[in-house]
1. Work out from phi, with θ = phi - 60° and the Karplus expression 6.51 cos²θ - 1.76 cosθ + 1.60, the ³J(HN,Hα) of each residue of segment 15-20, listed in order in whole Hz, and give x for Gly and Pro.
2. Which order, highest average first, do 87-97, 134-144, 11-21, 161-171 follow once you tally other Cβ atoms within 10 Å for each residue and take the mean per peptide?
3. Quote the FRET efficiency, to the nearest 0.05, computed for Phe172 versus Leu17 with a Förster distance R0 of 41 Å and r equal to the Cβ-Cβ distance.
4. What length, rounded to one decimal in nm, is gained on full extension from His220 through to Thr70, with 0.36 nm per residue of separation minus their alpha-carbon distance?
5. Towards the positive end of the charge dipole of segment 82-196, with charges on Cβ (+1 Lys, Arg; -1 Asp, Glu), say which of Ala125, Ile168, Ala138 has the farthest Cα.
6. Roughly how many Å² of Leu212 are accessible to a 1.4 Å probe, to the nearest 10?
7. In percent, how large is the relative contact order of segment 70-153, given Cα pairs closer than 8 Å and 6 or more residues apart?
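The values are calculated or read from the model by the stated rules, or taken from the named source; none is laboratory data. All values derive from a computational prediction rather than experimental measurement. Neighbour counts are summed over all protein chains in view; Cβ atoms, including those assigned to glycine, are modelled from backbone coordinates with ideal geometry. Accessible surface is based on the protein model in full, side chains and every heavy atom, while ligands, DNA and RNA are left aside. Shrake-Rupley method; radii C 1.70, N 1.55, O 1.52, S 1.80 Å.
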Amino acid sequence: DLAARGITGQVVASQMLDQLAIMQTSTQSARPGRASASSWGDDLKVEIPETGVSIREAYRFLRRWLGHETHIDGEVVRTATGIAITARIGGNSGTTFRGPDSDLDALIVNSAERIYRIAQPDRYARYIFFPRPGLAAARYDEARAILNQMAREAPPVEKYWAWTSLGILARFQGDYRATAAAYRNAAASANPVATAGGAIAEAYIGHPEHALSVVRATQHRLESGPVNE
């Protein structure tokens, strides 16, 4: 009956992509967001001779093998009290959100936020604490828990983004000592974005000499060539 009312899987998936795009553009970060796209277009039927494999299948295989795609799937089902949306990412177990039919839009938002949280945790953390139109209240505790987990468990390149975001979060809360400590950890990546933020924090907590040395190191790095962010 959902499909009869126009709520097909493709429609729900398209709305999910729209919500992910909204969150991406609403997130303030120097780190580029990951693109989201549907996989049901360009359904080429031409087969590669003597293989029985379509061009589309071969392209998908190569893109998954050589690229960095994360696939999202799920379902919308009827329940005794309404509907349930389950979203899975990267083959992991899914998260299900339930509610009455009238809550479909909210359930899609909840599912999209869950996907964003798993696929891009540092950007999601910024999304829930960084000031933006429509943010009712900054969710500092939730964001801090996500970023602290990244700082403990993520690969080095991901830890940089976690520490940088922790520094910004602490600055928003007026804790410049925590800001300075976070930026010192982030600066281990030799990224001027991190060291520049750290210089501001060091100055605020009464370390002008250290702040100056950080600024000079930042200038040297910028003059040395392109910066890998």
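1. In residue order, the calculated couplings are 5, 5, 4, 4, 5, 4 Hz.
2. 161-171, 11-21, 87-97, 134-144
3. After rounding, the FRET efficiency stands at 0.85.
4. Fully extending the segment from His220 to Thr70 adds 50.3 nm.
5. Result: Ile168, furthest along the dipole toward the positive end.
6. Only protein atoms counted, so the area is about 80 Å².
7. After rounding, I find 18 percent.
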